[in-house]
1. Working only within the stretch B:85-103, note down all residues that are closer than 15 Å to residue B:45 by Cα and facing chain A (nearest Cβ under 10 Å).
2. Enumerate the pairs (first residue in the stretch A:94-108 and among the polar types (S, T, N, Q); second residue anywhere and in a helix (DSSP H, G or I)) with beta-carbon separation below 7 Å, excluding pairs fewer than 6 apart on the same chain, so at least 6 apart or on different chains.
3. Just name the residue that is farthest from the chain's Cα centre (by Cα) out of those in the stretch B:87-99 that are open to solvent by 90 Å² or more (accessible area, probe 1.4 Å) and modelled with pLDDT under 85.
4. Which residues, taken from the stretch B:1-34, are at pLDDT 65 or above, within 30 Å of residue B:70 (Cβ to Cβ) and surrounded by 10 or more Cβ atoms within 10 Å (Cβ to Cβ)?
5. Just to check your reading of the model, which residue among A:116, A:121 is surrounded by 20 or more Cβ atoms within 10 Å (Cβ to Cβ) and in contact with a Lys or Arg (Cβ under 7 Å, 6 or more places away or on another chain)?
6. Output the number of residues of the stretch B:41-67 satisfying the condition of being surrounded by 19 or more Cβ atoms within 10 Å (Cβ to Cβ) and at pLDDT below 85.
7. Which residue is most open to solvent (accessible area, probe 1.4 Å), if the candidates are limited to the stretch A:24-44 and must be at pLDDT 90 or above and in a loop (DSSP other than H, G, I, E, B)?
8. Given (1) more than 10 Å from chain A (Cβ to nearest Cβ); (2) in contact with a Leu (Cβ under 8 Å, 6 or more places away or on another chain); (3) at pLDDT below 90, where does residue B:38 come up short, assuming only one miss?
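The values are calculated or read from the model by the stated rules, or taken from the named source; none is laboratory data. This structure is a prediction, so every number in the text was calculated from the model and none was measured. Neighbour counts run over all protein chains shown; Cβ positions are idealised from the backbone, glycine included. All accessible areas refer to the heavy atoms of the entire protein, side chains included, with ligands and DNA or RNA removed. Shrake-Rupley method; radii C 1.70, N 1.55, O 1.52, S 1.80 Å.
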Amino acid sequence: MARYLIPLVIFVALSGVLFVGLFGDPSDVPSPFIDKPAPEFELPRLYQPDQTMSRDEMLGKVWLLNVWASWCVSCRQEHPVFMQLARSGLVPLYGLNYKDERQAATTWLEDFGNPYVASGYDVKGRVAIDYGVYGVPETFVIDKQGVIRHKHTGPVTYEALEKEILPLVRKLNSAGS
Amino acid sequence: MIRRILWLTALLWLPFGVQAKEAEYVSGNPEMHDRVMDVSGELRCLVCQGQSLADSHSEFAVDMREYIQEMIEKGMTNREVVDFMVERYGDYVRYRPPFKSTTVLLWFGPLLLLGIGVAVLYFNILRRKKVITETPLSKEEQRRAEALLKKDESGDSQA
């Protein structure tokens, strides 16, 4: 009798494994970057090309770095979330404008609103590679010491903002300076 | 008719004029090209999945190869370049997974499955040998079998 049950047991086990596999996201590559210092960078600003934006400017505060581009469709999806965040003033949001044209990028911000304190203009995408970015949008939470604490791949939703990002920002802010 | 055949034969030569193009590279130096391709063959193209950086024509891969070339020009060894990428993108970026405690199953899983298969087969054969015992035919059975065979040979079977 037991020998007839074996195929059934194997079938059920295999189905279970495959079923769980359905819910994984194959594009979700775990970042080895968490709790490592954010790479140093210095980029011209999107709006003021003669001024630079660098990681060290932000030392001493918790901030978000959002990689975006005007050609990126899902960036438009997360954009209202960032507009709301900018209005709330809970945490400063900086942009990393990835492989874009200056004109297209500024037009995009004028059309949809500009939630960024400033955006660095990364036309060759080198800073993005330094940050381990392989798709836009991606968002990093960086603490007062310049250490990466969280990385969100793909568009940030209201839910991700409320449940993951903002609680972490609050925790990091209350941690000693 | 002959003209048509001549035409078709001529057309058959067409594909030889076309050459497969390798992924493009920035520098014209073939040695540098080989090294960039060596290193990028070790790295996964994260946006394509299942392709190495050397095989992909995606913009991401082209950027990465440019960056790799710059690093090599700065004097970094192949290993250093791969380590640089692993630092940023994790072990997943290696096209050949490293041999670590977490990847033992990945490396030896197939061998393990093969071993289990062989063991199951072996014990099955052993068991079967015990079940099948040869029972010789009795006299009566022997006689009937011969009769049947004879009947078939004589050609009057009614099958």
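1. First pass over the stretch B:85-103, keeping only residues closer than 15 Å to residue B:45 by Cα: B:85-86, B:88-97.
The answer is B:85, B:86, B:88, B:89, B:90, B:91, B:92, B:93.
2. A:97/A:105
3. The initial filter retains those residues of the stretch B:87-99 that are open to solvent by 90 Å² or more (accessible area, probe 1.4 Å), namely B:87, B:96, B:99.
Now narrow it down to the ones that are modelled with pLDDT under 85: B:96, B:99.
Working: B:96: 14, B:99: 20 Å.
Top of the filtered list is B:99.
4. So the first thing to find is which residues in the stretch B:1-34 are at pLDDT 65 or above, and the list is B:1-16, B:28-34.
Now drop any that are not within 30 Å of residue B:70 (Cβ to Cβ), which leaves B:28-34.
Result: B:29, B:32, B:33, B:34.
5. Details: A:116 fails: in contact with a Lys or Arg (Cβ under 7 Å, 6 or more places away or on another chain).
Result: A:121 is the single residue among A:116, A:121 that is surrounded by 20 or more Cβ atoms within 10 Å (Cβ to Cβ) and in contact with a Lys or Arg (Cβ under 7 Å, 6 or more places away or on another chain).
6. Within the stretch B:41-67, residues that are surrounded by 19 or more Cβ atoms within 10 Å (Cβ to Cβ) and at pLDDT below 85 number 1.
7. From the stretch A:24-44, those at pLDDT 90 or above are A:37-44; that's our starting set.
Restricting the remaining residues to those that are in a loop (DSSP other than H, G, I, E, B) gives A:38-41.
Details: A:38: 2, A:39: 18, A:40: 91, A:41: 9 Å².
It comes out as A:40.
8. (2)
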